[in-house]
Amino acid sequence: QVQLVESGGGLVQPGGSLRLSCAASGMIFDINTMGWYRQAPGKQRELVGAITRSGSTNYADSVKGRFTVSRDNAKNTVYLQMSSLKPEDTAVYYCNAAGKLSFYGAFRDYWGQGTQVTVSS
């Protein structure tokens, strides 16, 4: 199995910055795309940003220019650098990884437990 452990959430004032980290561990053979999703109360989970193994990224329009996704393939770790945070960024942030356990296995989605980010004065 694959475990994703997130860290770095917390309370920050509007305009502030925060960095989330997510490390994948376990019987991993390969990880393709890694990324971050978020879910605010009463809303559906949405993609924040994702990055492929080769470094290609995509972002939600609401975070473009403010958030940056990066990864360290050697450490199976993905990061989310968040800047110019707004109250509407408040949500539980989930790490996601598309991984497989063997050469012939299929990629499937794995999820972290989530970390709370609260933007408030």
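The values are calculated or read from the model by the stated rules, or taken from the named source; none is laboratory data. Everything numeric here is computed off the predicted structure, so don't read it as measured data. Every residue, glycine as well, gets a Cβ built from its backbone with ideal geometry; the counts of neighbours run over all protein chains shown. Areas reflect the complete protein model, heavy atoms only, side chains present, ligands, DNA and RNA absent. Shrake-Rupley method; radii C 1.70, N 1.55, O 1.52, S 1.80 Å.
Atom-type composition of the exposed protein surface of the chain places 50 percent of the accessible area on carbon and sulfur (1.4 angstrom probe). Taking only the alpha carbons of segment 1-118, we obtain Rg and Dmax values of 13.9, 47 Å in that order.
Each part reduced to its alpha carbon centroid, segment 62-85 and segment 86-121 end up 12 Å apart.
For the chain, relative contact order (Cα pairs under 8 Å, six or more residues apart, normalised by length) works out to 36 percent. Work through the residues other than Ile31 whose Cβ is under 13 Å from its Cβ and net out their charges, Lys, Arg +1 and Asp, Glu -1. It works out to a net charge of +2.
Among the chymotrypsin sites (Phe, Trp or Tyr not before Pro) found in segment 20-121, those both in a DSSP coil and sparsely packed, with 13 or fewer other Cβ atoms within 10 Å of their Cβ, are Phe29, Phe103, Tyr104. In this structure, the amide hydrogen of Gly16, modeled 1.01 Å from its nitrogen in the peptide plane, lies closer than 5 angstrom to those of Leu85, counting only residues at least 5 positions away or on a different chain.
Computed from phi, the 3J(HN,Hα) profile of segment 92-107 under the Karplus parametrisation 6.51, -1.76, 1.60 (θ = phi - 60°) reads 8, 9, 10, 7, 9, 9, 9, x, 9, 9, 7, 4, 8, x, 9, 5 Hz, with x in place of Gly and Pro.
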